[in-house]
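Every number in this text was worked out from the coordinates using simple rules, so none of it is lab data. As the structure is a prediction and not an experimental result, all values here were calculated from the model. So basically every Cβ, Gly included, is an ideal-geometry build from the backbone, and we count neighbours across all protein chains shown.
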Amino acid sequence: MLQISRLCKSFDGFAATRDVSLVLEQGERHAIIGPNGAGKTTFFNLITGHLRPDSGTVEFKEQSVAGRPPHEIVKRGIARSFQHSNVYPRMSVAQNVQVGLIARQGQAFNMFIAAAELHRQETGELLELVGLIDAEHTAAGDLAYGKQKQLELAIALAAAPQLLLLDEPTAGMAPAETVKMMQLIGEIVAARGLTLLFTEHDMDVVFSLAQRISVLHHGEIIASGQPQEIRQNKEVQLVYLGKAADAKA
């Protein structure tokens, strides 16, 4: 589904990603892990069009998407959430999801349709799915941070993606919320037949959900394999797992 080859991006001479290559199969649950500053968010931004690569290729279903604008990439079937909450704080929870559904249907500039009446059923279904139906009329900015991450998941799903990228989907959540959120993501991905690429610092979460794991360090993938292979990899233990894993870095 996704094939990335020798992807490079530098900022003022600093290499954020260096020759990153990755193959993601349809239906796979793949985690990207690594220390802070390893290049994980930059990598996601390159895939989703928020950054243009200096070199390298990104192919989604055998078609190049490298350097294309984010809205075009979303229409092709790739949706994402962000490391830091990215919602419309003054709009209601339901309106945030409606915006995604309206954009997907290309109705954003239709002056003859009342936006408030559009996709109300599907909006409710998505909010029910992520556990936010009781907060549909609440301003998104008034939600607790963990709830905002749930809303971001609903917004991403509104794009009807085939490939879902989640950048630290449990950031800011309490341990119990983290477990619940990742169980929810696993259930949704399985039920909808989605392919999942995600970053996460909680190693319990990573090893419980991912089928394959790739480790970024200083902008390079130093290891990629099944969870048990990554646990046993000496270089990964040295640069990331070890004490960092024990502390759930």
Q. Rounded to two decimals, what is Rg over Rh for segment 1-47 when you use alpha-carbon atoms and the Kirkwood radius?
A. 0.99
Q | R231 versus S55: modelled label distance in nm, points set 7 Å from Cα along the beta carbon direction | A | 3.9
Q: Quickly rank 80-91, 3-14, 146-157 as a protection proxy: mean count of other C-beta atoms within 10 Å, highest first.
A: 146-157, 80-91, 3-14
Q. From the square roots a ≥ b ≥ c of the eigenvalues of the alpha-carbon gyration tensor of segment 114-190, which class results: rounded (a/c under 1.5), prolate (a/b over b/c), or oblate?
A. oblate
Q.
I need the peptides 160-167, 207-214 ranked by packing, meaning the mean over residues of other C-beta atoms within 10 angstrom, with the highest value on top.
A. 160-167, 207-214
(Q) With viscosity set to 0.890 mPa s at 25 °C, what whole-number translational diffusion coefficient in µm²/s follows for the chain from Stokes-Einstein and a Kirkwood radius over Cα pairs? (A) 131
Q. For the chain, what is the mean residue ellipticity at 222 nm derived from helices alone (per DSSP H run of n ≥ 4: -39500 (n - 2.57); sum divided by total residues; nearest 500 deg cm²/dmol)?
A. -11000 deg cm²/dmol
**Q.** Cross-link pairs beyond the 32 Å C-alpha cut-off, checked among K149/K234; K75/K180; K75/K234; K75/K147
**A.** K149/K234; K75/K234
Q) Counting Lys and Arg as +1 and Asp and Glu as -1, each charge on the Cβ, what is the dipole of segment 1-157 about the Cα centre in debye, to the nearest 20? A) 420
